[in-house]
1. Which of the residues belonging to region 246-278 are part of a helix (DSSP H, G or I), surrounded by fewer than 24 Cβ atoms within 10 Å (Cβ to Cβ) and acidic (D, E)?
2. Looking at (1) modelled with pLDDT of 95 or more; (2) within 16 Å of the chain's Cα centre (by Cα); (3) open to solvent by 10 Å² or more (accessible area, probe 1.4 Å), can you tell me which one K239 breaks?
3. Sort through A59, A78 and tell me the only one that's at pLDDT 95 or above, open to solvent by 40 Å² or more (accessible area, probe 1.4 Å), of a type in the set (G, A, S) and more than 25 Å from L367 (Cβ to Cβ).
4. Among the residues of region 470-502, what is the count of those that are open to solvent by 20 Å² or more (accessible area, probe 1.4 Å) and under 22 Å from the mean Cα position of the chain (by Cα)?
5. Here is a check on your reading of the model: is A311 closer than 25 Å to L387 by Cα, in contact with a His (Cβ under 6 Å, 6 or more places away or on another chain) and part of a helix (DSSP H, G or I)?
6. Quick one: count up the residues across region 85-104 that are charged (D, E, K, R), open to solvent by 30 Å² or more (accessible area, probe 1.4 Å) and touching a residue at least 24 places away in the same chain (Cβ under 8 Å).
7. Has region 402-424 got at least one residue that is without any contact (Cβ under 8 Å) to a residue 60 or more places away in the chain, in a loop (DSSP other than H, G, I, E, B) and open to solvent by less than 40 Å² (accessible area, probe 1.4 Å)?
8. It is to be established whether one or more residues within region 499-510 are of a type in the set (G, A, S) and in contact with a Ser or Thr (Cβ under 7 Å, 6 or more places away or on another chain).
Amino acid sequence: MNHPIIPIAVLDEPRQRKRQAPKGRRVDPLALQQVQALLGSESRQPDLLIEHLHKIQDAHGHLSAAHLAALAQEMKLAQTAVYEVATFYHHFDVVKEGELAPAPLTVRVCDGLSCEMAGAQDLLARLPALLGREVRVIAAPCIGRCEQAPAVVVGQNPVAPARVEAVVEAVSQGRTKHQADQGPAVIDYAAYRAAGGYATAQACIAGTDGTRDVESVIKTLESSGLRGLGGAGFPAGRKWRIVRAEQGPRLMAVNIDEGEPGTFKDRVLLERDPHRFLEGMLIAAWAVGIADVYIYLRDEYHGCRAILAQAIAELQREMPTGALPTLHLRRGAGAYICGEESAMIESIEGKRGMPRLRPPYVAQVGLFGRPTLEHNFETLYWVRELLEKGGEWFASHGANGRKGLRSFSVSGRVAQPGVKLAPAGITIQALIDDHCGGMLPGHRFYGYLPGGASGGILPASMNDIPLDFDTLQPYGCFIGSAAVVVLSDHDTAVGAARNTMRFFEHESCGQCTPCRNGTAKAAALIEQPKWDVELLADLSAVMRDASICGLGQAAPNPIDCVVKFFPQELV
């Protein structure tokens, strides 16, 4: 049989097939319809990705592959981009195709140091059998209620202090949404205005008071010595000058993602007086020339979110049109790393919260590539009072040669834990004796963490060091956000170091090898009965020198302090 002769050139041509659908997972019509209904008329701009993921998670209890694909199509994003963001954050439950969805209700038991000392492991051991298969019980990093330890979150409702019976009751009664705390009533807009609130902000904005020009306001901050109270301690007035000098438009990002174990001061202040913070924020925006402010609030603070949303609504309703910047309230999703300023900015932009390499610094190239004034909640909380009373008033309150006031978050083995307003430079002994009612009965002061999990550990014998910026570094420690955890003779520094290193291993973003592998290796090494001190020292040096951000650089602090100050525990 004769076969037709086919030119070689034709044989070499690849066969072209017309694609019947876009690359990637096919979008399920029902899932797309559900996503469209949840998003409604809201913008599909990329920086709202995390906000929209929360909507799906809240509605369905998890994030299915079908919903992620539908969201990607609706927002015109690559499916891989949506998936990598959803899987980065701890509070998103991503369910792959073929996997079972998690139980309808999740109970998170905080296993941070203060809660572990108060019995968190007992709760984790007992609750699963008592709550049944329809409830998932998991350990969670610090949830910002250390003064009420042990703390548990049932759905979105904190139960603290958590006893087994109280958690079981909350689950059985369906109390999964945030319940108002039984504490001081929130100061609303009317009460705040009646006490002179917003008068300073209005005088600044309207220019009716000759003493309230931008230069005088910044000078007042500089004379007060106010420094950033989120941990870094950069002088607030100098930061305002730096950002103001940059070419506009300029933006502001407010950090209320206090995830440092032992820290809860921002939550307590926000629950009581949200408008004082908002007034400080307005003054900062006016002084620096900022039209858009992004407020980043940690996801564990559902009650604070409701309080803040209400206060913002009151402010927008009552303040003159044009006097306010545009306010954007953004919700975190469970990532300690987002307390780092550039990681927070990445998260606000709808991305994974991974720290940026610097320079450039966020003051020059920050949110959406614009110069950004980044501030912690408490720093802005002080602005109104500083301007009304003067910088010298604030500076005059220090102790032991230090200047200013600090809100100390104190937890652990003290009789009266909580937020303690005390002079900067106070010693741990004075803080315990004069502000916390002494130690718990039957407990003897043994040691303390002056700056949360990353601030190191010191023995009780070193009880005369002023607690402030720059005073603890000679001992390998720092004050950070002033999260003080007090240990007693019922505890060990080794146990505290193990707890904190497990936290850092869990919370490392994984971007850089020294932190990602270093925290895991360190956690494994210190779980051993006998520590390899030389190997730990080498690992510490590598993590400090080569990690991108402060998490990896500071994670070895508790270990190094145990070796240096508690050698008797390593024998």
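The values are calculated or read from the model by the stated rules, or taken from the named source; none is laboratory data. Predicted model, so just to flag it, every value in this text is computed and none were measured. Neighbour counts run over all protein chains shown; Cβ positions are idealised from the backbone, glycine included. For accessibility, only protein heavy atoms count, side chains too; no ligands or nucleic acids. Shrake-Rupley method; radii C 1.70, N 1.55, O 1.52, S 1.80 Å.
1. Hit for region 246-278 is E271, nothing else.
2. (2)
3. Selected residue: A59, the only one of A59, A78 that is at pLDDT 95 or above, open to solvent by 40 Å² or more (accessible area, probe 1.4 Å), of a type in the set (G, A, S) and more than 25 Å from L367 (Cβ to Cβ).
4. 3
5. It is true that A311 is closer than 25 Å to L387 by Cα, in contact with a His (Cβ under 6 Å, 6 or more places away or on another chain) and part of a helix (DSSP H, G or I).
6. Let us first name the residues in region 85-104 that are charged (D, E, K, R), namely 93, 96-97, 99.
Then keep just the ones that are open to solvent by 30 Å² or more (accessible area, probe 1.4 Å); that gives 96-97, 99.
Add one more test, that the residue is touching a residue at least 24 places away in the same chain (Cβ under 8 Å), and what stays is 96-97.
Number of matching residues: 2.
7. yes
8. Start the filter on region 499-510 by keeping residues that are of a type in the set (G, A, S), which leaves 508, 510.
Next, from what is left, pick out any that are in contact with a Ser or Thr (Cβ under 7 Å, 6 or more places away or on another chain): 508.
Looking through region 499-510, at least one residue is of a type in the set (G, A, S) and in contact with a Ser or Thr (Cβ under 7 Å, 6 or more places away or on another chain).
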